[in-house]
1. Quick check: at a probe of 1.4 Å, how many percent of the accessible area of region 22-84 sits on carbon and sulfur atoms?
2. When Lys and Arg each count +1 and Asp and Glu each count -1, what net charge do the other residues less than 11 Å away from ILE78, Cβ to Cβ, add up to?
3. Within region 33-55, which residues have the backbone N less than 18 Å from the label spot 7 Å out from ALA19 along Cα→beta-carbon, could you tell me?
4. Given the C-alpha atoms of region 11-75, compute the convex hull and give its volume per residue in Å³.
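The values are calculated or read from the model by the stated rules, or taken from the named source; none is laboratory data. This is a predicted model, so every value here is computed, not measured. Here Cβ is always computed from backbone atoms with ideal geometry, including for glycine, and neighbour counts include all displayed protein chains. Note: areas computed on protein heavy atoms with side chains; ligands, DNA, RNA excluded. Shrake-Rupley method; radii C 1.70, N 1.55, O 1.52, S 1.80 Å.
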Amino acid sequence: MVPEVAFRRTYAVKCGSDAGTGVVVDFSEARFLISENHVFSQYENVKTLEVLTESGWQRVPHTLLVRGASIESHDDYIVFEIGN
C-alpha cells in the first residue's frame, strides 16, 4: 500500500512544452525531484524545471544529478537536487 503522504509529494512538472509528474524526496538535508527523463527531452535547450503550485507554474532552482535513458533496460528517469 502506498502511504497517503506519498501523494502529497507528487507534483506536475514541466520543461519547455513537455509536462509530466515528479516525486519529491527529502534525504539527508537535501531535497530531490525524481521524474521521467522523456518529460525533460528539451532540457538541454531550455535548462528549466517548473512545478505547478496553487499560484501557477513556478521555476525551481535545481541541479541535474543523473538521467537514465535506455530502450534496452527500459530506463526513463531523471533526478534533480532542488531548492539549491
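1. Details: 2200 of 4120 Å².
Carbon and sulfur together cover 53 percent of it.
2. Numbers: positive: ARG67; negative: GLU36, ASP75, ASP76.
It works out to a net charge of -2.
3. Residues 35-43, 48-55 qualify, since their backbone N sits under 18 Å from the label point.
4. Details: hull volume 6.6 nm³, N = 65.
Output value, Cα hull per residue: 101 Å³.
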